[in-house]
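Coordinate-derived values only; no laboratory data. Just so it is clear, the model here is predicted, and its values are computed rather than measured. In this analysis, Cβ positions are derived from the backbone assuming ideal geometry, glycine residues included, and neighbour counts consider all displayed protein chains.
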Amino acid sequence: MNKDIFWWTRYDKYGFLSNFHGATIIIDGKSYPTTEHYYQSMKSSIQKLNNSQLELKIEVPAEEFKSFMEKAVLYLGQEIEIKGFRKGKAPKEMIEKQIGQDKILQEASQACIRENYIKVIRQLAEEQKLEPLGQPEIEILKLASGNPFEFKAKLVILPEIKLADYKKIAS
């Protein structure tokens, strides 16, 4: 069972994600449209490993990941003290230089995984009635500034339980 999902998210004027409702999804060629039409796409694929395990592969576009990078710089820069500036008030370029690209990428990837994994899981729970159990195993597949961000999540789901015909058992 391999399904491609295309997910759209919208950002408000402050750069934050809008509420979860209003998403559009395509599963097995069927489209579930929304009323809003200005979205960025996130591509995901679902592969069923066995009866109770799924593997999600999620690719976040470079433009969307760039916004996570900018938020990571602002977040990490809140506690940085640079001579000549108040704490957390230094220019973005100086903060980036002080912190380093690796730490920014790490923080941005963690925020991106948290947000996008939750979106995909919520949609799966609504559309396919799947219930994840426990924490997923996350593996980063592609992480670089200016490129799409890609990660894989393995998760255990509540297995489908098929009940026997109780009328045959009772007689």
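Observations
- Legend: translational diffusion of region 126-171 by Stokes-Einstein, Rh = Kirkwood radius over C-alpha pairs, 4 °C, 1.567 mPa s; D = 89 µm²/s.
- Between E127 and E160, the contour length at 0.36 nm per residue exceeds the Cα-Cα span by 10.4 nm.
- Amide H contacts for Q53 (H built 1.01 Å from N in the peptide plane; partners 5 or more residues away or on another chain; cut-off under 5 Å): I157.
- Entries of K92/K129; K43/K71; K57/K83 with Cα pairs more than 32 Å apart: K92/K129; K57/K83
- The modelled label-to-label distance between I118 and K92, using points 7 Å beyond Cα along the C-beta direction, is 2.4 nm.
- Averaging 1/r over every pair of different alpha carbons in region 61-163 and inverting the result gives a Kirkwood radius of 15.8 Å.
- If R0 is 41 Å, the Cβ-Cβ spacing of E70 and I169 corresponds to a FRET efficiency of close to 0.10.
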